[in-house]
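Heads up: the structure comes next, in structure tokens.
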Amino acid sequence: MLLRVRVTLPDRPGALGQVARTLGVAGADIVQVVVLERLGGRAVDDFTVVWPGASRVERLLAGLAAIPGVQVDGVWKAIGAPVSGGHDAELLAQVAANPADGLATLVDAVPGLLAADWAAAAVVPADWAARSAAPRPLPADEPSLRLPIGSEPSVAYASWRAPSPLRLPEVTPLRARPLTGPDSTRYAVAPFGRAGLVLVVARPADAELPAAAFHITEVDRVAQLVRAAAVILGDRLDRAGVPPVASAVIEPS
């Protein structure tokens, strides 16, 4: 299976090679390395590796933890090697070439760009920010809070791996940012700036594979794609949630 491994390591000669050797000794076959950040003598790197399905990930984590100065920020399953930023222009060109399906094209493509599992475009009511700030009791028999009928965010479009029913994080205030849900799912959210439409990108987590939070460079990439798509699609986005395709359950923060 493909795994994505995020590591913070010393930004010095030999450190990257030491991590790569450790991954190889543990049984991982490296297929891609992406440098997310280099700052203050530290670097944040993402490794996409082929990992034997029968092997336990603890072996991999133990080997990395034994390297001085190395910290594992997260490990999660990948559906493919993330695509570099150079493909963003190609994606936007596809959106522009077929604007009628532009929103679906964007939502379907973003998970592959960011080593995520699924994405969705949700329409958030204009007054949701004010209402979400007010104290709201949680029903004892409902693990996630559901707003009154007619005032829930609605799903305009979701990628094929999105769960059903779709549970979204609190997406306000409407600005691009990373979020972590109650079940440790990692999210990146970015508003289109039209009709309350927000793009949500998700990396689910489990006990064995704690997914890494979206890095600021990844959130910025989502925000740039969303802003560009909003310019291309214009008024079409105002009709994206009419009629709503499905209601979304909002997870309490």
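Each reported figure results from applying straightforward, stated rules to the coordinates on display, with no laboratory input. Computed from a predicted model, the values in this text were never measured in an experiment. Please note: Cβ atoms are built from the backbone with ideal geometry, for glycine as well, and neighbour counts cover all protein chains shown.
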Distance in nm between label sites at Val31 and Arg236, each 7 Å beyond Cα in the beta-carbon direction?
3.1 nm
What order do you get for Ser184, Ser159 when you list them from fewest to most C-beta neighbours inside 10 Å?
Ser184, Ser159
Neighbours of Pro191 by Cβ distance under 11 Å: Lys/Arg at +1, Asp/Glu at -1, summed charge +4
Quick check: net charge around Trp160, other residues with Cβ under 14 Å of its Cβ, Lys/Arg +1 and Asp/Glu -1?
-1
The distance between the Cα centres of the range 19-45 and the range 198-238, in whole Å, is 23 Å
Among 186-195, 113-122, 230-239, how do they line up from the highest to the lowest mean number of other beta-carbon atoms within 10 Å?
113-122, 186-195, 230-239
Can you give me the three principal axis dimensions of the range 176-220 from its C-alpha atoms, in Å, biggest first?
39, 20, 11
Label the range 161-201 by shape, choosing from rounded, prolate and oblate, from the square roots a ≥ b ≥ c of the eigenvalues of the Cα gyration tensor; if a/c is under 1.5 it is rounded, and otherwise prolate applies when a/b is larger than b/c, oblate when it is not.
oblate
Radius of gyration, Dmax [the range 1-96; alpha carbons; angstrom]:
14.7, 49
Among Glu218, Glu37, Glu208, rank each residue by its count of other Cβ atoms within 10 Å, from fewest to most, as a rough exposure measure.
Glu208, Glu37, Glu218
Quick check: net charge around Val231, other residues with Cβ under 15 Å of its Cβ, Lys/Arg +1 and Asp/Glu -1?
0
